[in-house]
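The values are calculated or read from the model by the stated rules, or taken from the named source; none is laboratory data. Here the structure is a predicted model, which is why all the values come from computation and not from measurement. Cβ sites come from the backbone with ideal geometry, for glycine too, and all protein chains shown count toward neighbours. We work out accessible area using only protein heavy atoms, side chains counted, and drop any ligands, DNA or RNA first. Shrake-Rupley method; radii C 1.70, N 1.55, O 1.52, S 1.80 Å.
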Amino acid sequence: MKTKFFVIPLLIAITFGVILSLKTFPKQFTVNLEGIKYQLGAGNIYFTKPITIHIDGKLQQSLTGSKTFKGSIDIDHEKIPVPEDQRGLEIKFLDNGGGHIVYGYIEDGRPGTYGYGVLYTNSNFSEVTITILQKDETDQTNRGWTSENGQMITAPAANRAEALKISNELMQDYLKGNSLK
């Protein structure tokens, strides 16, 4: 009888431990996606450019449910002013599903950061969209993004309509009922 009182809680504890470790164990993702770079807004419907995104890294979920990606994101033909050997990323995803792509680096002995944009993805990185930060025309030191005319990268997508559909789905928590056009 005493053995049952010991074995049952032990089995429950082991089961709980296994479930927690499976949930929080980092998952490796290596994906190459074909997509497009485009600009939002009715006046920009012809601004599209094919692009390839390479994602390689691990996604880890904490016990509280927050997610962190550690790895690299390379986008063909995009100029990122960060030394190539320092382009490792650690992206912490927010409650709205977005994670800021910010590179930290050291150049000429001085530390620096470069914010590229915000990444939104589904659970297995088979669909991604990135809002690209752009310089403000009136203040060249300020970078930002707007849903009215901001630039985006979305994959997989062959055209603007596919890209907008994916972006609106991945960014629905951020957009709060609005949609990108």
## Note on the structure
Any aspartates and glutamates whose Cα falls less than 15 Å from that of residue 165, other than same-chain ones fewer than 8 residues away, would be 127, 173
### Query
Solvent-accessible area per residue for the chain at a 1.4 Å probe radius, Å²?
63 Å²
### the range 107-128 versus the range 36-103: alpha-carbon centroid distance in Å
5 Å
### Summary
Scoring only Lys, Arg, Asp and Glu (+1, +1, -1, -1) among other residues with Cβ under 13 Å from the Cβ of residue 113 yields +1
